[in-house]
Amino acid sequence: MTRPAPGTRADYRAFRTLPTRWMDNDEYGHMNNATYLSLFDTAISLWQMENGIPIRGPNAMRLLVVETGCRYHAEAGFPDTIHAGLRLGHIGTSSMRTEIGLFRNDENTACTEGFFTQVLTGAQGRPAPLPLPLRETLQALLP
């Protein structure tokens with residue numbers, strides 16, 4: 001099986017800097033697997049909030065995560081500083097797939113890459129079309 005080469009910073013459109021914590025390390029001295037997904041979620045949520053996409057409160061868009069994935073290229077752990085790169089991998093009628101590359105410190109190659117697929121749902125919990133203003137905001141993440 002041939003593994004894809006890790007992406008570089010140039011492959012991503014927006015970045016968020018996220019510190020690691022001592023508690024993120026596992027028994028082997030590197031970051032616990034669940035922490036990677038937490039970093040993905042935090043980077044996406046921060047970007048959405050900073051770009052006017054309400055994710056909390058009465059006007060929140062109900063963007064539910066329906067699929068995730070993660071590929072590990074190299075270890076990371078405390079006290080690394082993680083730079084999370086974001087790009088839009090796909091946009092559909094009611095869903096979007098945000099791809100994330102995690103970069104340790106000043107490294108140019110991703111130590112980890114993954115994705116979150118989110119579906120916009122209405123009050124009844126059924127998929128709803130992504131509104132035009134959201135689509136226009138997401139354009140900034142297109143490769």
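The values are calculated or read from the model by the stated rules, or taken from the named source; none is laboratory data. Here the structure is a predicted model, which means the values were calculated and not measured. When we count neighbours, we look across all protein chains shown, and the Cβ atoms used for this are built from the backbone with ideal geometry, even at glycine. Remember, those area values only see protein heavy atoms, side chains included, never the ligands or the DNA or RNA. Shrake-Rupley method; radii C 1.70, N 1.55, O 1.52, S 1.80 Å.
Probing with 1.4 Å while keeping every protein chain in the model, the per residue accessible area of the chain equals 56 Å².
Listed options for semi-axes √(5λ) of the Cα gyration tensor in Å are [x] 39, 15, 11; [y] 28, 16, 14; [z] 22, 17, 14. The value calculated from this structure is the one marked [y]. Each part gets one Cα centre, and for region 1-58 versus region 128-143 those centres are 20 Å apart.
Shown in residue order for region 29-39 are the 3J(HN,Hα) couplings computed by the Karplus curve 6.51 cos²θ - 1.76 cosθ + 1.60 at θ = phi - 60°: x, 10, 5, 5, 3, 5, 5, 4, 5, 5, 5 Hz (x for Gly and Pro). Highest GNM mean-square fluctuation among THR17, THR93, THR35, for the chain modelled with Cα contacts below 10 Å: THR93. Using a simple spin-label model with pseudo-atoms 7 Å out from Cα toward Cβ, ASN33 and ARG13 lie 3.1 nm apart. Counting Lys and Arg as +1 and Asp and Glu as -1 over every other residue whose Cβ lies under 10 Å from the Cβ of GLY89, the net charge comes to +1.
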